[in-house]
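Structure record follows, encoded as structure tokens.
Any read-out appearing in this document is the output of simple, stated calculations on the displayed coordinates, not a laboratory observation. These numbers were taken from a predicted model, which means no experiment stands behind them. So basically every Cβ, Gly included, is an ideal-geometry build from the backbone, and we count neighbours across all protein chains shown.
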Amino acid sequence: MKRELMAYQYLYSHQLFDITPAYYGAFAMPDQHWAAIISSDGGESGRFVDCSWKDTGFNSHELKIIWNHCKALHSIGMVHHDLLPRNITRDAKGVIRIIDFESASYDHSCSLTSCSELGSLARYFDSFSEGWCK
């Protein structure tokens with residue numbers, strides 16, 4: 001949970017508020033047996049849990065949003081390391097967010113052509129959604 005909290009704090013320190021559900025803070029019991037991250041309702045991800053990118057039903061506009069979110073992470077040196085459909089949510093208004101930053105790292109430097117996370121995401125999206133990158 002510490003890594004997840006660090007991710008929200010890192011994103012917010014870089015003014016990237018629209019990538020994740022709104023983060024309000026954390027609460028821990030004094031004995032540290034349990035804690036909670038307090039955030040807005042990020043929406044549903046359940047239908048994406050066991051899906052491939054192709055099977056999620058995301059349209060080209062939604063794929064472009066996910067792509068832009070991922071590029072924004074990389075622009076501040078952050079890599080998700082587990083960017084799969086199960087870590088994407090859609091809220092009641094249809095807003096797409098990224099969740100589960102437990103594996104994230106913060107010292108990344110890349111270009112589109114040299115980055116494994118961006119490269120694999122582009123290949124997945126290209127394989128089934130013509131025009132997503134426009």
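Please identify the pairs in which a residue from the range 37-48 that is exposed (fewer than 12 other Cβ atoms within 10 Å of the Cβ) has its Cβ atom under 7 Å from the Cβ atom of a residue that is not in a strand (DSSP E or B), counting only partners at least 6 apart or on another chain. Within 7 Å, the pairs are 41/21; 41/91.
Condition test on residue 97, is it assigned to a helix (DSSP H, G or I), among the basic types (Lys, Arg), in contact (Cβ under 8 Å) with a residue 24 or more places away in the chain and closer than 20 Å to residue 23 by Cβ? Criteria not met by residue 97. All told, residue 8 falls short of being free of Cβ contacts under 8 Å to residues at least 12 places away in the same chain and in a helix (DSSP H, G or I).
Yes/no matrix, rows are residues, columns are (1) assigned to a loop (DSSP other than H, G, I, E, B); (2) of a type in the set (S, T, N, Q); (3) touching a helix residue (DSSP H, G or I) at 6+ places or on another chain (Cβ under 6 Å):
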site	(1), (2), (3)
65	no, no, no
71	no, no, no
74	no, no, no
89	no, yes, no
101	yes, no, yes
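Taking the criterion of being in contact with a helix residue (DSSP H, G or I) (Cβ under 9 Å, 6 or more places away or on another chain), among the hydroxyl-bearing types (Ser, Thr, Tyr) and in a loop (DSSP other than H, G, I, E, B), the residues of the range 34-61 that qualify are 45, 52.
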